[in-house]
Ligand code: ATP
């Protein structure tokens, strides 16, 4: 069975993540899509909310969703979260033949050449990129060259291969970010409908982001 991973800081998880993850699971025809919070974002410094709290919110958000599950595999690692380590480990666990999809946003793709051993990622997985408001595909430089070599528009073909391609998809991008949630809370504004009620309740009970 194919596996799909969707990584992020999820600080906190929001409706934009959940909508895109649901559409990705359907598009990629996987039984479940695994939402993988990073332990320590290598490019961002330590978030003010603990990894356990981010995971708890992810679990609260996905509890009633059969298509989405929270996967804490990166939280068990002492080292910073590097996607190359995650896909290598998942590939070892699932064997060599089935497709592994790493789903990222266009904003993440633009910086992928700063990721650890980024050019080795496609040895282990496909990369599926969803566009996001106000971000365009790179047109020149090392990432653009790498895309040109590996882009595949036919998901059916990719389903037959375990790894090696980059695919772009145009899905529903809600204009919600974790930053906008944190900002609203800091300004005393409501975050209702930006994230599920269970997450709103958790944030309020634990006085997060205040
Ligand atoms: P922050 O505002 O703190 O930067 P974020 O909202 O971008 O956070 P992340 O946890 O960094 O959330 O995002 C994880 C992944 O989800 C990234 O690949 C990002 O592109 C994607 N993503 C985030 N928000 C949306 C959205 N509204 N629609 C679609 N994809 C999104």
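The values are calculated or read from the model by the stated rules, or taken from the named source; none is laboratory data. Treat the numbers as computed from the prediction; the structure is a model and nothing was measured. Reconstructed Cβ throughout: ideal geometry from the backbone, glycine too, with neighbour counts over all protein chains shown.
The table below lists the values:
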{"quantity": "Elements of type strands (runs of 3 or more DSSP E) in segment 1-105, at least 3 residues being more than 23 Å from residue 122 (Cβ to Cβ)", "calculated": "68-70"}
{"quantity": "Single condition residue 56 does not satisfy, out of (1) in contact with a helix residue (DSSP H, G or I) (Cβ under 8 Å, 6 or more places away or on another chain); (2) over 19 Å from residue 24 (Cβ atoms); (3) modelled with pLDDT under 95", "calculated": "(3)"}
{"quantity": "Residue that is surrounded by the fewest Cβ atoms within 10 Å (Cβ to Cβ) [pool: residues in segment 1-13 that are touching a residue at least 60 places away in the same chain (Cβ under 8 Å) and within 6 Å of the ligand (Cβ to nearest atom)]", "calculated": "9"}
{"quantity": "So residue 74, is it at pLDDT below 95 and either out of contact with any strand residue (DSSP E or B) (no Cβ under 7 Å at 6 or more places or on another chain) or more than 14 Å from the ligand (Cβ to nearest atom) (or both)", "calculated": "no"}
{"quantity": "Residues satisfying the stated conditions in segment 176-198, i.e. within 12 Å of the ligand (Cβ to nearest atom), in a loop (DSSP other than H, G, I, E, B) and either over 16 Å from the mean Cα position of the chain (by Cα) or surrounded by 17 or more Cβ atoms within 10 Å (Cβ to Cβ) (or both)", "calculated": "176, 194"}
{"quantity": "Number of the condition not met by residue 97 [criteria: (1) touching a helix residue (DSSP H, G or I) at 6+ places or on another chain (Cβ under 6 Å); (2) closer than 22 Å to residue 159 by Cβ]", "calculated": "(1)"}
{"quantity": "Residues satisfying the stated conditions in segment 129-170, i.e. at positive phi and surrounded by 12 or more Cβ atoms within 10 Å (Cβ to Cβ)", "calculated": "164"}
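For every residue, the table says whether it meets (1) on the phi > 0 side of the Ramachandran plot; (2) modelled with pLDDT of 95 or more; (3) touching a strand residue (DSSP E or B) at 6+ places or on another chain (Cβ under 6 Å).
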{"residue": "103", "(1), (2), (3)": "no, yes, yes"}
{"residue": "126", "(1), (2), (3)": "no, yes, yes"}
{"residue": "172", "(1), (2), (3)": "no, no, no"}
{"residue": "175", "(1), (2), (3)": "no, no, no"}
{"residue": "183", "(1), (2), (3)": "no, yes, no"}
{"residue": "191", "(1), (2), (3)": "no, yes, no"}
{"residue": "201", "(1), (2), (3)": "no, yes, no"}
{"residue": "204", "(1), (2), (3)": "no, yes, no"}
{"residue": "210", "(1), (2), (3)": "no, no, no"}
